[in-house]
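Note sheet for the following structure.
The values are calculated or read from the model by the stated rules, or taken from the named source; none is laboratory data. What you are looking at is a predicted structure, and each value in this text was computed from that prediction instead of being measured. Cβ sites come from the backbone with ideal geometry, for glycine too, and all protein chains shown count toward neighbours. The protein model used for the area step is the full one, side chains on, heavy atoms only, and it has no ligands, DNA or RNA in it. Shrake-Rupley method; radii C 1.70, N 1.55, O 1.52, S 1.80 Å.
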Amino acid sequence: MNSSKILDVVIVGAGAAGVGCGVVLKDLGLHDFILLERHEVGASFNRWPAQMRFITPSFPSHGFGLLDLNAVALNTSPALSFQREHLTGKEYALYLQTVVEYFQLPVKTGIEVHNIEPQPGEKGFILKTSQGDVQSRFVIWAAGEFQYPRLDPFPGADLCIQNTQVRSWDEIQGEEVIVIGGYESGMDAATNLVALGKRVGVIDRAKSWASNNPDPSISLSPYTVQRLEFVYGTGRLELIGNTDIVGVKRDANGYAVVGAQGNERLEYRQWMSPTPPILCTGFKGSLSTIAHLFHWSDGHTVLNECDESTRTPGLFVVGPSVRHGDVIFCFIYKFRQRFAVVADVIAQRLGLDPSPLQVYREQGLFLDDLSCCSNDCVC
């Protein structure tokens, strides 16, 4: 893939963020850009467990100026395409592939980006890939999180089954299962396992199921709470909160899960599981692979008001890793509001007419004033 041509933009990743951002660049009339994807379009969604569903509902409301919550492009609706409110991962991957085909996005699959080398004097970037070097004036990082799970949060984590490794919950053996982690992925695992007739214990560092924070980036979604209440009523689900897992060990009886409880985490308790525990402790995110190109604060990248790295000008981030203070853009309906913000800056620096982005502002997809972001709710 070595070429002397310098592209205007390279988007790394062809998931929801990469594809959506690619459509915006296409609307700007930009031609010299590509999307690089190491697997296939929508790869992360294709790898969801078969029973996993979107927690955000899809609805064909675009005709009334309200874009389907899971759509990444104007005038598209996963709900209308699949007649489903809560899509599977494979259905959503097909939606993304359809968007790529319809908008004729320049996606190149099977290419892994190993490193990004900024050029002196802010003269663009050289991307080191599995198929040679690619030169670009700007880079938009959209590689997501799902394929980058936290595999070593405590000693013995390697004895567990990471939830991203599960293709179907039917594969899990035994009648009793321990799930470590109580946020969305942990609760999805638990509800599906209980539905299969298993007894499940969920151990969580906090007590996610009891949070009433109105931001679904922090609390469980209504869809998850509704399913949780149903399976809890079966008597086959135990919820154990405020517990830090110290480690997992294997012995003759199965797997011993040791946790520290109490305000000072000085009380130790052990749970036995005949089968490997399910690890649902979140993701480290793809930005960890290019961490040296960012400033970091409290474990998060520092971005300017245009979602550009404060350390490496010309490198932008779109997708679930974007946050500004307490404003977290980890859902599609949130982070898609920043595509046009990034595209507007790139258009200005390339000398392009940004007026095609006006429709994004009119449709509520050009969120450049974060002062309006509040989760307050009066009832």
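Values for this structure:
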read-out: Pair His86, Glu305: separation of 7 Å Cα→Cβ label points (nm); value: 4.0
read-out: For Tyr255, residues with placed amide H under 5 Å, excluding near neighbours; value: Ser273, Thr275
read-out: Relative contact order (%) - region 139-224, alpha-carbon pairs under 8 angstrom, separation at least six; value: 23
read-out: Cα-centred dipole magnitude for the chain, charges only on beta-carbon of K, R (+1) and D, E (-1), debye, nearest 20; value: 560
read-out: Region 22-39 and region 213-290: distance between their alpha carbon centers, rounded to Å; value: 39
read-out: For the chain: relative contact order, % (alpha-carbon pairs under 8 angstrom, 6 or more apart); value: 18
read-out: DSSP-defined beta bridges in the chain - what % are antiparallel, rounded to 5; value: 50
read-out: CD proxy at 222 nm, helix term only [per DSSP H run n ≥ 4: -39500 (n - 2.57); per residue of the chain; nearest 500]; value: -6000 deg cm²/dmol
read-out: Label-point separation in nm, Asn263 to Thr234, each point 7 Å along Cα→Cβ; value: 3.7
read-out: Given Lys198/Lys334; Lys249/Lys334; Lys198/Lys249; Lys90/Lys123; Lys90/Lys284; Lys5/Lys90, the pairs whose alpha carbons are separated by over 30 Å; value: Lys198/Lys334; Lys249/Lys334; Lys90/Lys123; Lys5/Lys90
read-out: Cα gyration tensor shape for region 68-170, rounded if a/c is under 1.5, else prolate or oblate; value: oblate
read-out: In Hz, Karplus ³J(HN,Hα) per residue of region 352-369 (6.51, -1.76, 1.60; θ = phi - 60°; x = Gly, Pro); value: 8, 6, x, 4, x, 7, 4, 5, 5, 5, 5, 8, x, 10, 9, 8, 10, 10
read-out: DSSP beta bridges in region 145-270 [antiparallel fraction, %, rounded to 5]; value: 55
read-out: Computed Kirkwood radius, in angstrom, where 1/r is averaged over Cα pairs of region 33-127; value: 15.1
read-out: Carbon/sulfur fraction of accessible area - the chain, other protein chains in place, 1.4 Å, %; value: 49
read-out: Segment Asn212-Gln119, extension gain: residue separation times 0.36 nm, minus the distance between their alpha carbons; value: 28.8 nm
read-out: Charge-dipole axis of the chain as Lys and Arg at +1 and Asp and Glu at -1 on Cβ define it, positive-most pick from Leu28, Phe230, Ser371; value: Phe230
read-out: Between region 323-363 and region 62-83, the Cα center-to-center distance that results, in Å; value: 18
read-out: Positive minus negative residues near Phe316 (Lys, Arg vs Asp, Glu; Cβ under 9 Å); value: -2
read-out: Under-5 Å amide H pairs with Gln119, H placed in peptide plane, nonlocal only; value: Gly124, Phe125, Ile126
read-out: 1.4 Å probe accessible area per residue over region 1-155, in Å²; value: 45
read-out: Dipole in debye (nearest 20) - region 171-234, about Cα centre, beta carbon charges: Lys, Arg +1; Asp, Glu -1; value: 140
read-out: Residue-wise HN-Hα coupling along region 13-30, computed from phi with Karplus coefficients 6.51, -1.76, 1.60 (Hz; x: Gly, Pro); value: x, 10, x, 4, 5, x, 5, x, 5, x, 4, 5, 4, 5, 5, 6, x, 6
read-out: Kirkwood-based Rg to Rh ratio, region 293-341, C-alpha trace; value: 0.93
read-out: Gly156 long-range amide H proximity, modeled H, under 5 Å; value: Val248
read-out: Region 43-190 - charge dipole about Cα centre, Lys and Arg +1 at Cβ, Asp and Glu -1, debye rounded to 20; value: 560
read-out: ³J(HN,Hα) computed for each position of region 99-108 - Karplus, 6.51 cos²θ - 1.76 cosθ + 1.60, integer Hz, glycine/proline x; value: 4, 4, 5, 5, 8, 6, 6, x, 9, 10
